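I have placed the structure first, in the form of structure tokens, so that the comments after it can refer back to it.
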């Protein structure tokens, strides 16, 4: 009888939370046994900082996915932000070496402006011109990458004030890394947006059924547009954070971000068909991916092979999602 | 005329005392939340037209889908020419001589007629398509059937009636012993219908069995040999056509007399709510004028493709208006949009709840609140008022008797009838004065239907609302509406009032002029 109860519990938790809890358990036990450093305080601290970037970008990606699309350009939004903010800071500091605060503020604004405007372009393409999200953001990825390389000539941008990296990249408050604070604010903001505002409700509705939403009097175009703009803004914010961490502006950061952020969302239970997904699960999934990669580094799995593993994991998550849908359908029949 | 290719065994089974072509025993099928078929027995003899009759949702589609191999039964036995059979797929069933013409066409819109005709059975030489041979065969088939269609025409350029002909030609392509027709005349003119009936008689003559689904009484008597009535997934009766009077069939179908099924709704027309003048909209609607007043139900009848649905959509602002005037409660609405019309008090209930009415991934509460979120009961300056939202939605769920009354449950967990109630509840959040209901009872069971009718009665009598009822369900038009407009090819053909609304009168305006409907 106990066994039946356990099985029932496992099945129900699978239906409610998806494959993620199982993966986390395997992760902690597997790497924890294989490599004691994996669960050490220092390592957890490192991972928590390292995971902030993927978490913020996954929040961005989640907005696009909820409305039934996706954003393949999140990587180059990161890159554009990085390059533009670094260039802006470097040139202000070069002109007036004492205006550090101004340089950092202007640099961040310029970076966020550049990244968000790519989101605006995506939004216009998808919502107004009816270009499919796949084509629009794929093309935007090419445009953005090209521009970023053109601006830098392919070499990293140096010359940012050191204070930028020291605070936003490596700074701590009460022993907690600075990027974690930014990320917590982003997560909280996303939770409120998606659960307590009209806009969030409409994102779910549009992703679930755009026709029904339009017939309910919702301006589907403006909300679709807003989803991509917010997506661009959040990805861009992730770009600023990553630039502070790297202390250079680089055109080729974020190349793996589209895949990793979509993986985080899908493993976190965001439906690729749009309309469903929870903030908490996506955060957990992003942390999971980062921690998993960290674990593979610790047991010295080559980075090339890590890409293979991540791909396999993504497919596994999608397959499990299908299985879950079938379970849900079965539960309905009872 | 060799209508169908000679097939071994088909002809030899003819004659009296022939074993049934198809015999279904105690067939059951469950879908999420409903039992679609409950131990249904069914026989089909060679050379007969067996009519399947029943309401939407009675189980007809499930039954024919099983026979056609598209669904598998959960229980029961299928015997084809005496031998137990399991169809693995539509292709498998087709190989064994069973062809179906469904209401939703199985045509690929971007392909030509000939490509569609032989889809899945392409003629090849080696690994390559034999296009000339295919073209010839297609021409032959169409000529044999007497269909004036060009084999090279693209299907998406054809009218609905022409597409229906392609679909029928596809079914009759070859090797036929059982033909399933699901409301095949819904889009056909009278002349095309005559042609189809001739084809059906030819098939009968060759020993094929035909399963025919229709709602039209006169067709049942014209073409049917036997009739099986289904209700709520059960077989109620199988009758010889000579024993089946209209009254008896309706009683068998609905389980009650007509008077008990449709409530009597008082007619006290008040303020004019909607006035449409010379409306031209979309690609279909031409110069339509109509009015709807408070306290009345106005019908809009016509065939599929007559533009009746588009008139409702144009008034709600989802079909582009190119000419004409729309006035709502005396105020001209130059450019209607869903938001504006909802704010003014007009609610549109779309015909297909799954594609246009509901966000099935979300729960009942979110669906009900969707059109109303901007109102102050639902949202404050920045945040939603979720407690107030919950209260309002729970009250509406109770008023419409959504069962079970769990508003946090996903919409997809509910039966068709309850889903339809959610769609109706969506409209009620704003106290609207006019409902445009497009096929409000499509695909829901008898019990839910009566509830919807009584709900309409309550709206009209107690709240003084007006309803524009757009419906392909003739009994609904006949028994619920106070006035009815009949549309044909995008124009209003006639306006009928009160006692003038008879089956004969409405049907006579459905088709081309002069060809009044015989029988009925």
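The values are calculated or read from the model by the stated rules, or taken from the named source; none is laboratory data. For clarity, every value in this text was computed on a predicted model and none was experimentally measured. For neighbour counting, all protein chains shown are included, and Cβ atoms are generated from backbone atoms with ideal geometry for every residue, glycine included.
Determine if region B:367-386 includes at least one residue that is under 30 Å from residue B:35 (Cβ atoms) and more than 29 Å from the chain's Cα centre (by Cα). Taking every residue of region B:367-386 in turn, none turns out to be under 30 Å from residue B:35 (Cβ atoms) and more than 29 Å from the chain's Cα centre (by Cα). Any residue in region A:47-68 that is within 25 Å of residue A:257 (Cβ to Cβ) and over 23 Å from the mean Cα position of the chain (by Cα)? No: region A:47-68 contains no residue that is within 25 Å of residue A:257 (Cβ to Cβ) and over 23 Å from the mean Cα position of the chain (by Cα).
Of the residues making up region B:219-245, those that are touching a residue at least 40 places away in the same chain (Cβ under 8 Å), over 19 Å from residue B:45 (Cβ atoms) and within 18 Å of the chain's Cα centre (by Cα) are B:231, B:232, B:233.
Which of the helices (runs of 4 or more DSSP H) contained wholly in region A:131-245 include at least 1 residues that are within 14 Å of chain B (Cβ to nearest Cβ) and in contact with a strand residue (DSSP E or B) (Cβ under 8 Å, 6 or more places away or on another chain)?
Correct list: A:178-196, A:198-208, A:210-215.
Restricting attention to region B:344-391, which residues are within 7 Å of another protein chain (Cβ to nearest Cβ), assigned to a helix (DSSP H, G or I) and either within 13 Å of residue B:425 (Cβ to Cβ) or touching a residue at least 40 places away in the same chain (Cβ under 8 Å) (or both)? Hits for region B:344-391 are B:357, B:366, B:370, B:371. The single condition among (1) touching a residue at least 40 places away in the same chain (Cβ under 8 Å); (2) crowded, with 17+ Cβ neighbours inside 10 Å; (3) in contact with a strand residue (DSSP E or B) (Cβ under 8 Å, 6 or more places away or on another chain); (4) farther than 17 Å from residue B:295 by Cβ that residue B:429 does not satisfy is (3). Once region B:401-415 is narrowed to residues that are more than 13 Å from chain A (Cβ to nearest Cβ) and buried (at least 20 other Cβ atoms within 10 Å of the Cβ), the residue that is nearest to the chain's Cα centre (by Cα) is B:402. Restricting attention to region A:68-109, the residues being in a helix (DSSP H, G or I) and within 23 Å of residue A:142 (Cβ to Cβ) number 14.
The set of residues from region B:71-93 being outside any strand (DSSP E or B), free of Cβ contacts under 8 Å to residues at least 40 places away in the same chain and over 28 Å from the mean Cα position of the chain (by Cα) comprises B:85, B:86.
For region A:110-130, the tally of residues that are in a helix (DSSP H, G or I) and free of Cβ contacts under 8 Å to residues at least 12 places away in the same chain stands at 0. Of all residues in region B:325-337, those that are touching a residue at least 24 places away in the same chain (Cβ under 8 Å) and either buried (at least 17 other Cβ atoms within 10 Å of the Cβ) or within 11 Å of another protein chain (Cβ to nearest Cβ) (or both) total 2. Scanning region B:430-464 for residues that are part of a loop (DSSP other than H, G, I, E, B) and closer than 23 Å to residue B:352 by Cβ yields B:430, B:432, B:439, B:440, B:441, B:442, B:443, B:444, B:445.
To keep it simple, each residue is scored yes or no on (1) crowded, with 16+ Cβ neighbours inside 10 Å; (2) out of contact with any strand residue (DSSP E or B) (no Cβ under 8 Å at 6 or more places or on another chain); (3) on the phi > 0 side of the Ramachandran plot.
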{"site": "B:220", "(1), (2), (3)": "yes, no, no"}
{"site": "B:225", "(1), (2), (3)": "yes, no, no"}
{"site": "B:229", "(1), (2), (3)": "yes, no, no"}
{"site": "B:242", "(1), (2), (3)": "no, yes, no"}
{"site": "B:271", "(1), (2), (3)": "no, no, no"}
{"site": "B:279", "(1), (2), (3)": "yes, no, no"}
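Looking at B:423, B:486, just one residue is part of a helix (DSSP H, G or I), touching a residue at least 12 places away in the same chain (Cβ under 8 Å) and either crowded, with 20+ Cβ neighbours inside 10 Å or away from every other protein chain (no Cβ under 14 Å) (or both), and that residue is B:423. Screening residue B:314 with (1) touching a residue at least 40 places away in the same chain (Cβ under 8 Å); (2) out of contact with any helix residue (DSSP H, G or I) (no Cβ under 9 Å at 6 or more places or on another chain) gives one miss only, at (1). Considering B:176, B:119, B:107, the condition of being in contact with a helix residue (DSSP H, G or I) (Cβ under 6 Å, 6 or more places away or on another chain) and either in a loop (DSSP other than H, G, I, E, B) or not assigned by TED's automatic domain parsing to the domain that holds residue B:97 (or both) is satisfied by B:107 alone.
The single condition among (1) within 25 Å of residue A:64 (Cα to Cα); (2) touching a residue at least 60 places away in the same chain (Cβ under 8 Å); (3) buried (at least 20 other Cβ atoms within 10 Å of the Cβ) that residue A:263 does not satisfy is (2).
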